[in-house]
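Beneath this line is the structure, given in structure tokens, with notes to follow.
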Amino acid sequence: MQELVENIIRQADFLLKEQGEFYPFATIISRNGELRPLGLMLESEHPDAQLVIEQLDLVLDKGIAMGEYRSAAMGINVIVNKNNHYSSDALEIRIKPGTNKLEKTLCLPYVLNKLSGEITFGKFISLD
């Protein structure tokens, strides 16, 4: 699972530096152990993020159930509220560890310095 989480963080870091934001995306570990990104072809150039999440969920669940993927993870750009004191941008990572295993959701707050383009990630928060 560590490999999936690290890959999601690297992809989010790249997308944030390049675009300042990102749509939900996924990475899978194939049946033969290959780590690779998973893309979707949707009709709209700018689809609703919730639709992308729902479609990725379906594709990942089906791939795992059919044995095409050993495991998978999804990266989602979210805002978290810390104890009703402040809000922070965060990378939500939904981990699908495989058939008959419980999914896990982590949040990794981040700060994007718009002037320098540097990203500082905080500490993981478990949402389970």
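The values are calculated or read from the model by the stated rules, or taken from the named source; none is laboratory data. What you see is a predicted model, and the numbers here were worked out from it, not measured in a lab. Here the Cβ is made from the backbone with ideal geometry for all residues, glycine too, and neighbour counts use every protein chain on show. Each accessible area value is taken on the protein alone, full model and side chains, heavy atoms only, with ligands, DNA and RNA left out. Shrake-Rupley method; radii C 1.70, N 1.55, O 1.52, S 1.80 Å.
Descriptive notes on the structure:
- Counting only protein heavy atoms and a probe of 1.4 Å, the accessible surface of region 36-118 is 51% carbon and sulfur.
- For Leu40, nonlocal amide neighbours, meaning residues 5 or more places apart or on other chains whose placed amide H falls under 5 Å from its own, do not occur.
- Residues Arg10 and Ser126, FRET efficiency given R0 of 25 Å [Cβ-Cβ distance, rounded to 0.05]: 0.75
- Subset of Lys62/Lys101; Lys17/Lys114; Lys17/Lys104 violating a 18 Å alpha-carbon distance limit: Lys17/Lys104
- On a per residue basis, the chain carries 63 Å² of accessible surface, using protein heavy atoms and a 1.4 Å probe.
- Maximal additional length on extending the Glu118-Ser87 stretch stands at 9.2 nm, based on 0.36 nm per residue less the C-alpha distance.
- Extension gain (nm, one decimal) between Leu51 and Arg36, 0.36 nm per residue minus Cα-Cα: 3.2 nm
- Ranking Ser88, Ala12, Ser71 by how far each Cα lies toward the positive end of the dipole of the chain (charges on Cβ) leaves Ser71 at the top.
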